[in-house]
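Read the structure below first, then the notes.
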Amino acid sequence: MEELSVKSKIIKSVYFSQEDGRLRICFKNGEERLFDGVPSSEAHAMTVAPSPGHYYLDRIRTRFRRLAA
């Protein structure tokens, strides 16, 4: 997995795998979420969004399958 740079109030770090579309989001509160089948365009759009946290809530959390992390 490749670490993607992100500046967010709630997200600490983001990791993305081009091979399988897995997106791991590590939050500043210690929680982690792992999603499957995320296009690279969505992963990168989240990291450059004005609010990556809002992008996650609106575009990632409800659209992609969450795996146990």
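The values are calculated or read from the model by the stated rules, or taken from the named source; none is laboratory data. The structure displayed is predicted, hence computed values, not measured ones. Positions of Cβ are backbone-derived with ideal geometry, glycine not excepted, and every protein chain shown enters the neighbour counts. We work out accessible area using only protein heavy atoms, side chains counted, and drop any ligands, DNA or RNA first. Shrake-Rupley method; radii C 1.70, N 1.55, O 1.52, S 1.80 Å.
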I'd like to know if the stretch 56-69 contains one or more residues that are free of Cβ contacts under 8 Å to residues at least 12 places away in the same chain, part of a helix (DSSP H, G or I) and aromatic (Phe, Trp, Tyr). no
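From VAL14, VAL38, which residue is part of a strand (DSSP E or B), of a type outside the set (Gly, Ala, Ser), crowded, with 18+ Cβ neighbours inside 10 Å and at pLDDT 95 or above? Outline the logic, then answer.
Working: VAL38 fails: part of a strand (DSSP E or B).
Sole residue among the options that is part of a strand (DSSP E or B), of a type outside the set (Gly, Ala, Ser), crowded, with 18+ Cβ neighbours inside 10 Å and at pLDDT 95 or above: VAL14.
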All-but-one check, ARG22 against (1) surrounded by fewer than 16 Cβ atoms within 10 Å (Cβ to Cβ); (2) touching a Gly at 6+ places or on another chain (Cβ under 9 Å); (3) in contact (Cβ under 8 Å) with a residue 40 or more places away in the chain, failing number (1)
So in the stretch 49-68, with the set limited to residues that are touching a Leu at 6+ places or on another chain (Cβ under 9 Å) and under 15 Å from CYS26 (Cα atoms), which one is least open to solvent (accessible area, probe 1.4 Å)? ILE60
